[in-house]
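Asks: So that we are looking at the same thing, I have put the structure below in structure tokens.
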Amino acid sequence: MKSAPGNRPDRDVDILGFLLVDAARLLRAAFERRIAQAGLGLTPGEARALMNIATLDGSRQLDIAARMGVEPMTLCGYLDKLQAIGLIDRQQCDADRRAKRIRLTPASAELLTAIRREFQEVIACATEGMDAEMAHQLCDALTMFNNNLQALDTPPALQA
């Protein structure tokens, strides 16, 4: 069967890629606008760093930078500010004396709650019109999608 012009079988693959890239860009921009307007005293980058530290509490700076998709020196600037205002501690890594592990301080709890509230508002806007089942399916599909992509980065010897 011949495809109609403009109705290529690989069109859906192209569209999926563009939709994912656009969704990630739009989500980040919306979050950054909300944080900038929220009056929390943090830049959007610092807020993202704090959220990632909360997820990876006790992780090395290098691992947090990789998860955020920023250079370690960029993250270092965020961490300097977060440490200066008492939201994080840098602790020596037992396994590697050159590395630092990043931990939240109790003072970060209130600010993290405010950042998460802003992020939840962005997600609520982004998922408007979806019922709970559709939002759950989207979450499941993206989890599988991300896991599959992470497996591509894992050396074959470590996959077993």
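Asks: Can you find, among Thr154, Leu16, Ala30, the residue farthest towards the positive end of the dipole of the stretch 1-155? Put +1 on the C-beta of Lys and Arg, -1 on that of Asp and Glu.
Replies: Sorting the options by dipole projection puts first Thr154.
Asks: Please find the FRET efficiency linking Thr127 to Asp63, where r is the Cβ-Cβ separation and R0 is fixed at 30 Å, and quote it to the nearest 0.05. Don't skip to the end; give the middle numbers.
Replies: On the way: r = 29 Å, r/R0 = 0.97.
That pair, Thr127 with Asp63, gives E of 0.55.
Asks: Additional query: May I ask for the longest run of the chain untouched by trypsin sites (Lys or Arg not before Pro) that are loop-located per DSSP and have at most 13 neighbouring C-beta atoms (other than their own) within 10 Å? Present the calculation step by step, with values, prior to reporting the outcome.
Replies: Numbers: sites that count: Lys2, Arg97, Arg98.
Longest site-free region, per DSSP loop and neighbour criteria: 3-96.
Asks: Which residue, Ala135, Ala30, Ala54, tops the fluctuation ranking in a GNM of the chain built on C-alpha contacts under 10 Å?
Replies: Looking only at Ala135, Ala30, Ala54, the largest GNM fluctuation is found for Ala135.
Asks: Using a Gaussian network model of the chain whose springs link C-alpha atoms within less than 10 Å, name the residue from Ala124, Ala132, Ala99 with the highest mean-square fluctuation.
Replies: Ala132
Asks: I want to make sure I understand the PRE zone here: with the label point 7 angstrom from the Cα of Asn146 toward its beta carbon, which residues in the stretch 95-127 have backbone N atoms less than 15 Å away?
Replies: 120, 123
Asks: Here is a further query. What's the magnitude of the charge dipole for the chain around its Cα centre, counting Lys and Arg as +1 and Asp and Glu as -1 at the beta-carbon? Answer in Debye, nearest 20.
Replies: Working: 19 positive and 21 negative charges, 98 e Å.
That gives a dipole near 480 debye.
Asks: First measure r as the distance between the Cβ atoms of Asp94 and Leu27, then evaluate 1/(1 + (r/R0)^6) with R0 = 35 Å and state the FRET efficiency to the nearest 0.05.
Replies: Numbers: r = 36 Å, r/R0 = 1.03.
In this case the efficiency is close to 0.45.
Asks: Expressed in nm to one decimal, what extension gain is obtained for the pair Asp10 and Lys81 from 0.36 nm per residue of sequence separation less their Cα-Cα distance? Before the final figure, lay out the partial values.
Replies: Numbers: separation 71, 0.36 × 71 = 25.56 nm, distance 4.65 nm.
Extra length from Asp10 to Lys81 when fully extended: 20.9 nm.
Asks: Using 7 Å Cα-to-Cβ label points, what is the Thr74/Ala36 separation (nm, one decimal)?
Replies: Going by the 7 Å Cα→Cβ label model, 1.6 nm.
Asks: Right, here's the next one. Could you tell me the relative contact order of the stretch 22-96? Use alpha-carbon pairs under 8 Å, at least six residues apart, and round to a whole percent.
Replies: On the way: 42 pairs, mean separation 15.6, N = 75.
It rounds to 21 percent for the stretch 22-96.
Asks: Another question about this same structure. So for the pair Gln137, Leu56, with labels modelled 7 Å out along Cα→Cβ, what separation do we get in nm?
Replies: The modelled label-to-label distance comes out at 3.3 nm.
Asks: Next question, about the same structure. What does the charge count near Ala109 come to, summing +1 for each Lys or Arg and -1 for each Asp or Glu among other residues with Cβ under 15 Å from its Cβ? Please list the in-between numbers first.
Replies: Numbers: positive: Arg103, Arg116, Arg117; negative: Asp57, Asp89, Glu110.
Charge balance in the 15 Å sphere: 0.
Asks: So what is the orientation-averaged projected area of the stretch 47-160, using the convex hull of its C-alpha atoms, in nm²?
Replies: Working: hull surface 37.6 nm².
Taking the Cα atoms of the stretch 47-160, their convex hull projects to 9.4 nm² on average.
Asks: A further question follows. Going by alpha carbons, how many degrees (0 to 90, nearest 10) lie between the helix axis of 132-153 and the longest principal axis of the chain?
Replies: Roughly 80 degrees, rounded to the nearest 10.
Read the figures in this text as sums done on the coordinates, not as results from a lab. Quick caveat: nothing in here was measured; it's all calculated off a predicted structure. Because the Cβ atoms are built from the backbone with ideal geometry, glycine has one as well, and the counts that use them run over all protein chains shown.
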